[in-house]
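Presented below is the structure to which this report refers.
The values are calculated or read from the model by the stated rules, or taken from the named source; none is laboratory data. As the structure is a prediction and not an experimental result, all values here were calculated from the model. Note: ideal-geometry Cβ built from the backbone for every residue, glycine included; neighbour counts use all protein chains shown.
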Amino acid sequence: MRFTKMHGAGNDYVYINGFEEKVSHPEQLAIAVSDRHFGIGSDGLILILPSDKADLRMQMFNADGSEAEMCGNGIRCVAKYAWDHGLVDRLEIKVETGAGVLSLQMFCDDKRQVDRVRVNMGQPRLCRADLPMGGDPEADALGITLEAGGQTFEAWCLSMGNPHCVIFVDDCETFPVHKIGPLIDNHPLFPRRTNVEFVSVLSNSSLRQRTWERGAGETLACGTGASAVTVAAVLSGRTGRKINNQLSGGLLELEWADDDCIYLTGPATEVFSGQYPQENS
């Protein structure tokens with residue numbers, strides 16, 4: 001089975017072209033290929049599939065085999081793969097995801113290969129039911145008090161097609177992400193778990209983010225997380241609506257535009273391709 005390893009700002013996945021390859025047990029395959037010692041090594045598995053609603057369909061699985069709705073970094077790499085490998089012939093495409101159909105615009109380098117992608121991440125969803133999250137399903141969870149690990153945090157919880165809990169901290173570099181992250185991820189308030197972003201404000205237009213990703217642990221970048229962070233930063237009065245977000249794996253540019261959609265621009269990189277034993281798929 002042919003595969004391609006790609007990353008968006010360090011958030012790396014194994015990609016399989018579902019137009020040519022068949023995967024029978026994607027949950028098991030995600031666990032196997034994600035192992036950084038005995039597999040290929042990644043934050044998960046992404047299948048690029050035909051769609052009757054868009055140009056392509058993206059199906060993604062975390063490193064623990066759980067299926068996720070969407071990944072902002074992963075979808076940029078889907079677009080790059082589709083253009084570079086001839087699955088599409090236009091630089092503006094639509095991709096079907098578990099969070100709906102999203103629009104993407106690709107930008108090419110001097111070799112006509114895609115190196116940056118702009119994604120319309122859609123509108124933030126603020127009701128607890130959208131995450132989902134315990135409490136009044138019609139109420140929001142913006143600036144609520146949340147307790148974890150014997151500490152009390154101000155949490156900004158929302159959905160960007162998948163659940164996020166944003167915590168602003170003085171210095172995310174030294175913050176115990178690996179201790180607090182899984183406690184919030186598995187908090188009783190979140191029946192389907194949640195991604196957790198720990199964020200330091202550098203200026204009115206600049207942030208530093210670390211992410212504890214549901215099903216994968218700390219990752220170098222999270223595009224839906226960066227989108228959720230943008231919403232939380234604006235609504236809490238910490239930044240303006242255009243933000244440069246420095247993640248552990250690279251810089252993402254975000255804008256909460258007048259149409260209420262979040263636009264995310266960032267890199268997409270192909271690392272290598274190879275073959276994986278078919279009997280393991």
Within segment 206-244, residues of a type in the set (G, A, S) and part of a strand (DSSP E or B) come out as S206, G217
Sole miss for I184 among (1) crowded, with 24+ Cβ neighbours inside 10 Å; (2) in a strand (DSSP E or B) is condition (2)
Residue pairs qualifying under the 7 Å Cβ cut-off, at least six apart or on distinct chains, with the first in segment 209-223 being at pLDDT 95 or above and the second being in a strand (DSSP E or B) and surrounded by fewer than 22 Cβ atoms within 10 Å (Cβ to Cβ), are R210/E218; T211/E218; W212/E218; A221/G250
Taking segment 1-33 and keeping residues touching a Leu at 6+ places or on another chain (Cβ under 7 Å), over 13 Å from Y81 (Cβ atoms) and free of Cβ contacts under 8 Å to residues at least 60 places away in the same chain leaves P26, A30
When segment 242-261 is checked residue by residue, the ones that are exposed (fewer than 15 other Cβ atoms within 10 Å of the Cβ) and among the charged types (D, E, K, R) are D258, D259, D260
Considering segment 35-52, residues that are on the phi < 0 side of the Ramachandran plot and touching a residue at least 40 places away in the same chain (Cβ under 8 Å), and then whichever is surrounded by the fewest Cβ atoms within 10 Å (Cβ to Cβ), we arrive at S51
Selection from segment 187-208 of residues under 17 Å from W256 (Cβ atoms) and either loosely packed, with under 14 Cβ neighbours inside 10 Å or out of contact with any helix residue (DSSP H, G or I) (no Cβ under 6 Å at 6 or more places or on another chain) (or both) yields V201, S203, N204, S205, S206, L207
Across segment 20-77, the tally of residues that are part of a loop (DSSP other than H, G, I, E, B), aliphatic (A, V, I, L, M) and over 20 Å from W212 (Cα atoms) stands at 3
Of (1) in contact with a Gly (Cβ under 9 Å, 6 or more places away or on another chain); (2) surrounded by 24 or more Cβ atoms within 10 Å (Cβ to Cβ), A228 satisfies every one except (1)
